[in-house]
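Below you'll find the structure, written out as structure tokens, and then a few comments.
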Amino acid sequence: MSRARPARHLLDLTSEERRAALVELGLPAFRADQISRQWLIRLSDDPQTWTDLPADVRERVSAVLLPRILEPVKQVSCDDGTTVKTAWRLSDGAVVESVLMRYPDRVTMCVSSQAGCGMACPFCATGQQGLTRNLTTAEIVEQVLAGARALQRGEIPGGNSGGGADRVSNVVFMGMGEPLANYERVVDAIHRLVDPAPAGLGMSARGITVSTVGLVPKMVELAGLGLPVTLALSLHAPDDELRDTLVPINQRWPVNEVLSALWAYAERTHRRVSIEYALIRDVNDQAWRAELLADLIAGQLVHVNLIPLNPTPGSQWTASRKEDERTFVRTLMARGVAVTVRDTRGRQIDGACGQLAITTL
Ligand code: SAH
């Protein structure tokens, strides 16, 4: 099957490139900033309403630089409408999902960075699909903007009026795909999110989390950028023997190497890093593994996020028993490790961690 290359979009371009693109169209460069403000700040995706721009500019720009790149194909919600999962069809037919979660004081968008994933973690629904392709910068940023527009339109209940929950405050690269395997586009997308207007949305980099299986060279590169985004490592096991099977890329970059890269990231950015650990019954949830984990990480600037496993269809694994989960938590706490158990928002709609797969079509 031949697949068209995704069309170029305004959001694929830096500020400079947007100006150059307008000049290419025979339009004045300064229009680029007006258009960017409409799209990114006013969140207006209908060029007809851009009254600060002449009609011919609106038409030419929307025809050339604003192709529709995400088409919603299905939307489901739960948690009284405060969690919304959307499946998006991309211009070449690939489908990805994003999840919006509105809390009293914040709104988190969980976005996909790839269609499918090539990392093959056996407990993850996306991992079982294999990789279709990398998303473009615009396809990533548009997922965030779609959530921002839904909030602006008043479609999402919840939030305290006047609180921090009126706009998207957090973006987590925990949807489909391995963000560091699509490094350039993910970094560009982060720039679009954090750069001040009109180049970007002006979000705080501190509200952005990149989650990785542990692609060490890219972790090092990300640390060098000096962007204070949070880095989360999907560890899932403290020993190579088990991690080799749960996170197969461990065979390339083992536990000691990924942890060194993680500590280097914390040191370089002065940001607390996260470790994600899906608790899988009788697989990785033994007290001795909690002790071993503590041996490796105690004293570091790190926070452990335990995620009760969300079983995927046909999986032989399930979440830990509550008492084993409690022992795991207590063991880490006793060693002074900061630890929380992640909530299971979105579970009923297959929108919780690791459940994103196209069962919707
Ligand atoms: N590729 C990135 C993002 C994946 S999704 C990464 O691996 O970090 C974010 C988190 O959800 C990862 O820690 C991932 O391992 C975890 N996860 C995947 N499947 C899961 C499942 N079925 N139950 C619980 N957590 C899961």
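Calculate how steeply helix 55-65 sits against the longest principal axis of the alpha-carbon atoms of the chain, using the helix alpha-carbon long axis, and give the answer as 0 to 90 degrees to the nearest 10. Between helix and principal axis, roughly 40 degrees. The range 47-68 and the range 81-118 have their alpha-carbon centroids 27 Å apart. Per-residue packing, averaged as other Cβ atoms within 10 Å, sorts the ranges 107-117, 165-175 into the order 107-117, 165-175, beginning with the highest. Dividing the Cα radius of gyration by the Kirkwood radius, what Rg/Rh value follows for the range 125-244? Here the Rg-to-Rh quotient is 1.01.
Taking the Cα centre of the chain as origin, sum charge times position over the Cβ atoms of Lys and Arg (+1) and Asp and Glu (-1), and report the length of that vector in debye to the nearest 20. Don't skip to the answer; put the middle values down first.
Working: 39 positive and 41 negative charges, 95 e Å.
Dipole of the chain, to the nearest 20 debye: 460 debye.
Between Val247, Val194, Leu22, the Cα set farthest toward the positive side of the dipole of the chain (charges on each charged residue's Cβ, about the Cα centre) is that of Leu22. Across the range 301-306, rounded Karplus estimates of 3J(HN,Hα) from the backbone phi angles (6.51 cos²θ - 1.76 cosθ + 1.60, θ = phi - 60°) give 7, 9, 10, 9, 9, 8 Hz, Gly and Pro being marked x.
With a cut-off of 14 Å between beta carbons, the residues surrounding Val302 carry a summed charge of 0, where Lys and Arg count +1 and Asp and Glu -1. Once the Cα atoms are used to define both axes, helix 255-269 deviates from the longest principal axis of the chain by about 50 degrees. From its DSSP helices (H runs of at least four residues, each -39,500 (n - 2.57)), the chain gives a residue-normalised ellipticity at 222 nm of -9500 deg cm²/dmol. Look at the dipole of the chain built from charges on Cβ: of Ala55, His270, Val304, the Cα furthest out on the positive end belongs to Ala55.
Axis angle, to the nearest 10 degrees, between helix 287-297 and the longest C-alpha principal axis of the chain: 60 degrees. For the chain, the normalised intensity computed at q = 0.08, 0.12 Å⁻¹ comes to -0.40, -0.89 (log10 of I(q)/I(0), Debye sum over alpha carbons, equal scatterers, no solvent).
Just so you know, all these numbers are worked out from the coordinates, no wet-lab data involved. Nothing here was measured: the structure is a model prediction, and the numbers come from that model. Glycine gets a Cβ as well: all are built from the backbone with ideal geometry, and neighbour counts include every protein chain shown.
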